[in-house]
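The block underneath contains the structure these notes are about, expressed in structure tokens.
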């Protein structure tokens, strides 16, 4: 037991001396979480909060145009900005370019007459939509369909009002006919394999993604201390003192497990408390502390085991940093860290399952996004533990051979 205690003490002293490498593990994910959570906020929340600005000119003086304007303001995807009714069309186009608006809506003078079918310019279309050529066709169709729907609803209401006397005589409630019916379509976001039931916010994606990425970057401080000890003959002296490989490995793992645990706490705190201060949404923590601890512990075990294997194979810190950095970037790009998995094509989502970072990210998303518990993160945790155990076994075999050679 004393040998393990002294091994741990030695490792903590080495970490303190290499504090710059450890600091990177906290600064890097914090910066990425802040930048990505804020920069990608509108992309992730497109279906909830983002809107497209539309310049609007109402040249009609009747009440029907005012009713129409009130109705289209209910379109949450679009935000309408009213201009003076006497502004010329050319001036509207100039404002579109100067103010970087992609759409402008002109309500013509005959709008009320067209809705009421009272003649007066019936051949002229009551609405004109000005569109920037750079706007994709899908977005144009969304706005056009929404305007068509509101216009059709208003015309139907006007027709019902015109035959109100007949409806009253027949005992039909005209108000029920004119009530806006709620959409009967339920929208769910489905990940390949049917796992996604909710769409993540930017912070729900960024915090676990960059947390997992930074936990795997533990290879930098581990390789620095490990290779330094090997070069200085520290490992040989430990062997001469009959320090077992178990004590050596345990002495390496425990301090970095603690560092990873601190990483988890700090990055979650940034997602919960700091990101909202800059206009982002707060991170939701889910309902299972035990599940969070389990997935965090297995990700840490996996990352440290892989780092120890790389440090055992590499001859210099430069080699270890290069190998570890390249592997981490590949795992991150493949595993949904840099590009979210739900925007990947199907074959890329299948390839993502080969990355241990993907297992860790999915586990954190199970907790933060899907309100999962221990049973929900068990598959990912088991996969991470098995992979880590294999890496650790290979490390022990390599160290044993190196000791025999020395």
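Each value in this text was obtained by applying a stated rule to the coordinates, not by laboratory testing. Keep in mind it's a predicted model, so treat the numbers as computed, not measured. Note: ideal-geometry Cβ built from the backbone for every residue, glycine included; neighbour counts use all protein chains shown.
Tell me, in nm to one decimal, what length is gained between residue 289 and residue 73 on full extension, where the rule is 0.36 nm per residue of separation less the Cα-Cα distance? Please report the intermediate quantities before stating the final value.
Details: separation 216, 0.36 × 216 = 77.76 nm, distance 4.29 nm.
Here the answer is 73.5 nm.
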Separation between Cα centres of segment 252-322 and segment 335-406, rounded to whole Å: 13 Å
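Nearest 5 is fine: what % of DSSP beta bridges in segment 52-162 come out antiparallel, could you say? Don't skip to the end; give the middle numbers.
Values: 5 of 16 bridges.
Percentage antiparallel, nearest 5: 30.
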At what distance in nm do the modelled label points of residue 85 and residue 27 sit from each other, each positioned 7 Å from its Cα along Cα→Cβ? 6.1 nm
log₁₀ I(q)/I(0) of segment 271-406 at q = 0.12, 0.14, 0.18, 0.21 Å⁻¹, via Debye over equal Cα point scatterers, no solvent, to two decimals? -0.58, -0.76, -1.08, -1.24
Describe numerically, in nm with one decimal, the distance between label points set 7 Å from Cα along Cα→Cβ at residue 141 and at residue 35. 3.7 nm
So what is Rg over Rh here for segment 329-369, counting just Cα atoms and using Kirkwood for Rh? 0.94
What is the spread of the Cα atoms of segment 314-392 along each of their three principal axes, largest first, in whole Å? 44, 29, 20
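So how do 299-312, 56-69 stack up, highest first, on mean other-Cβ count within 10 Å? Kindly include the intermediate steps, with their values, before the conclusion.
On the way: 299-312: 25.7, 56-69: 18.4.
Ranked from most to least packed, the peptides come out as 299-312, 56-69.
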Everything considered on the Cα gyration tensor (a ≥ b ≥ c; rounded for a/c under 1.5, else prolate if a/b is larger than b/c, else oblate), segment 52-162 must be described as prolate
